[in-house]
């Protein structure tokens, strides 16, 4: 099926790589006018060739930047929130600065974008908001992901609150909870962990693979497929939902 998002305008964050980039491209291939954003313009190179209509530099940790961008873009039908950061460590390895940084990027960024884009959605009579959470958090406790799990649990709470407040006004808000997904950010994390543990990158990568019940990592495109469904009218009776794209990790 093609054209599932025909006639819709989508605004996407963190479109430079990984899940964010794959989803922006998937939206465009399904007919949406996609406005992609990232903190670095160089990360957005090549997206116009993939059918992306516009690209914007956006710092999701800046309320001023988000509000300015929302005003420039205007009404959208779909808001896709993918910006995030994975902190490693336990409570005893976490500073207040770590806590504040992670919550600002992973949670408050979504508060900023939803606050900025929601009024025009309401005025237009509806819209779909899709947030990237994680299987790590309220779904499943994961070793060494103290702050990350807390932030992603908060994303689920935020998602359900928006869904409850605005479902009678045409707004749907859902969250996707991926397991471990192959991405450039994962490659960086693997390299850092290998150095810290004095292991090879292949050994560390295999550890990530071994904890996945399916015996492989997920792909950004698999997450993007779920985002297309939640953004489209096919999911018109779905709100406040968390979609597990985790290869059975939470079982």
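Some observations on this one:
- Helices (runs of 4 or more DSSP H) (entirely within the stretch 6-125) containing at least 3 residues that are crowded, with 17+ Cβ neighbours inside 10 Å: 18-29, 63-73, 109-124
- Exactly one residue out of 180, 239 is under 20 Å from residue 162 (Cα atoms) and in contact (Cβ under 8 Å) with a residue 12 or more places away in the chain, and it is 239.
- Pairs with Cβ under 6 Å, 6+ apart, first in the stretch 221-233 and more than 20 Å from residue 184 (Cα to Cα), second modelled with pLDDT of 95 or more and in a helix (DSSP H, G or I): 228/26; 229/235
- For the stretch 210-224, the set of residues classified as at pLDDT 90 or above and out of contact with any helix residue (DSSP H, G or I) (no Cβ under 7 Å at 6 or more places or on another chain) consists of 213, 214, 218, 219, 222, listed by residue number.
Every residue, every condition in (1) in contact with a helix residue (DSSP H, G or I) (Cβ under 6 Å, 6 or more places away or on another chain); (2) closer than 29 Å to residue 28 by Cβ; (3) at pLDDT 95 or above, yes or no:
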residue: 60; (1), (2), (3): yes, yes, yes
residue: 68; (1), (2), (3): no, yes, yes
residue: 71; (1), (2), (3): no, yes, yes
residue: 78; (1), (2), (3): yes, yes, yes
residue: 92; (1), (2), (3): no, no, yes
residue: 103; (1), (2), (3): yes, no, yes
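- Residues satisfying the stated conditions in the stretch 135-145, i.e. buried (at least 21 other Cβ atoms within 10 Å of the Cβ) and in contact with a helix residue (DSSP H, G or I) (Cβ under 7 Å, 6 or more places away or on another chain): 136, 137
- Test: residue 190 is in contact with a helix residue (DSSP H, G or I) (Cβ under 7 Å, 6 or more places away or on another chain) and over 17 Å from residue 128 (Cβ atoms): yes
- In the stretch 164-180 there is at least one residue matching the filter, namely being assigned to a helix (DSSP H, G or I) and crowded, with 19+ Cβ neighbours inside 10 Å.
The values are calculated or read from the model by the stated rules, or taken from the named source; none is laboratory data. What you are looking at is a predicted structure, and each value in this text was computed from that prediction instead of being measured. Glycine also receives a Cβ, built like all others from the backbone with ideal geometry; neighbour counts cover every protein chain displayed.
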